[in-house]
1. Counting only other chains, and only Cβ atoms inside 10 Å, what mean value do you get across the residues of B:32-39?
2. How large, in Å, is the stretch A:1-123 by the Kirkwood hydrodynamic radius built from its alpha-carbon pairs?
3. Any chance you could list the semi-axes, whole Å, largest first, of the equivalent ellipsoid that the Cα gyration tensor gives for the stretch A:170-221, using √(5λ)?
4. Need one value for B:15-21: mean number of C-beta atoms belonging to other chains within 10 Å of its residues' C-beta atoms.
5. Could you tell me the total accessible area buried at the B-A interface, probe 1.4 Å, in square angstrom to the nearest hundred?
6. How would B:TRP41, A:TRP319, A:TRP161 rank on accessible area, largest to smallest, probe 1.4 Å?
7. Please give me the summed charge of the neighbours of A:ALA294: other residues whose Cβ is under 15 Å from its Cβ, Lys and Arg +1, Asp and Glu -1.
8. Could you tell me the accessible area of A:ARG363 in Å² (1.4 Å probe, neighbours in place), rounded to the nearest ten?
Amino acid sequence: MRGWLLGAPDASFASHLSTHGPLPALASVEELANMLDDAGVSGRGGAAFPSARKLRSLGAGRAVIIANGSEGEPLSTKDAVLLERSPHLVLDALTLLAALTGATTVAVRAPEAGLRRLSQAASERSDVPALVLSPSGGGFVEGQASAVASAVAGRAALPVWRKDRLATAGVDGRPTLVSNVETLAAMALVARGAGASTRLYSISGNVPVPGVYEARPGTSVVELLQRAGVAEPQTVVQGSVLVGGFHGQWIQPERALEPGSAEPGAGVVHFVGRERCPLNVSVEIAHFLAGSSAGQCGPCRFGLPDVAARFEALAAGGWVQEALQGLVDTMAQVAGRGACAHPDGSVRFLESCLAQLAGEIQRHARGECCVRQDRAAAPLSGREGSR
Amino acid sequence: MSEGRSGRGPAERTLSIDMTRCQGRGVCIELLAGRLGRDQWGYPWGVDAQGRGSTEVPLAPEDLQEARSAVKLCPVSALRLR
């Protein structure tokens, strides 16, 4: 289907061309930026930074273009699916960007499977510039732009303290553009004149058919969950929905019906049905986030385990007011104090737990739980999907 | 960083703490006692709301001399004046 990210029937170059048509030649970075502005494209890696602005901010000189398919978020699988099914859209964007910016290095950072697919696809065509392939290991903070640039430069895949922005002084001091692979694929469609671009969603949790779904802008959480097999909107409203992954937020049930309610973040919708307790799920996530710190910045390294332990104590019931105060004070000492967005995203997630799961926190304080038998162990279904 | 510069005069500067280097030795906290305190793990952070939740600590003109000393004396070179 023309204009859709997963629109081609298979990953071959022939199918790509017959579905989307050839890649048009654009005159300048500015022409592409204007098209991205008109289509309202923003980053699909989670930060949602306007793509046109990022492109315009790229400094002059021997630029480095990096496609980021690291996808460290455990609940996200859309980048892997995109590389598997539509590698040519990503190659289109890299080819176009290299031509327009005069970039002398074009790199891809992704798991091995995605890299294999891309190089296989690149061998089918003659226009793609030489690609530097950098296999990612799947660590949670590895996907942060500065970590990706660092890895491509041959150093550790760790977030870097930046005095300068990547756009002007990134890999080896060169202007560097790090862009999520779905953003690049959207760019390839927009360059062909597609209007507002569709988005990919990784849907997981207590849904009959977990997986990656493509949807038009403005699609609601309820519509997406229905496509994943959840029969009734009522079922959604009675459960809990985590939007945006482990750095995301629990949303108010009534918001699930609103257009675009699944859009914040990198397209992750995780449904916790009545079979699981969202507070217990959140405690597991908090521990995962603590364990995912790169360990470089003290407040994140020591603060996130502290926050997770306090949050677990809160969820276990007991002195709720005291536990809550200590947790909130500790969270305030973590947010905004790292080299990357990990401490901030983790605290934002916990803030949404405190706001949206307040009722369940009170229930636990009384020794009750929305799912009685769930108190002991809460299985968090990630990549494996769900029952 | 997201905090705006509005309301701060041209003479005012920011002390930038590189948290990937900082080991909480505390030289800067002693020199800039009015600006920096210790968080619960011993790392420097702003004592007022403006410097909290950030690694960019706003300075007043009268802090500049101590701030320069802190930059020079930090044993792990984690500080910069901006």
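1. 1
2. So the Kirkwood estimate lands at 15.3 Å.
3. Ellipsoid half-lengths, sorted descending, are 29, 18, 8 Å.
4. For this peptide, the per-residue mean of nearby foreign Cβ atoms is 6.
5. By this definition, chains B and A bury close to 1500 Å².
6. A:TRP319, B:TRP41, A:TRP161
7. +2
8. Number for this one is 80 Å².
The values are calculated or read from the model by the stated rules, or taken from the named source; none is laboratory data. Not measured: the values here are computed from a predicted model. Methodologically, a virtual Cβ is constructed for each residue, glycine included, from the backbone with ideal geometry; neighbour enumeration extends over all protein chains shown. Just the protein is used for accessible areas: all its heavy atoms, side chains included, with ligands, DNA and RNA removed. Shrake-Rupley method; radii C 1.70, N 1.55, O 1.52, S 1.80 Å.
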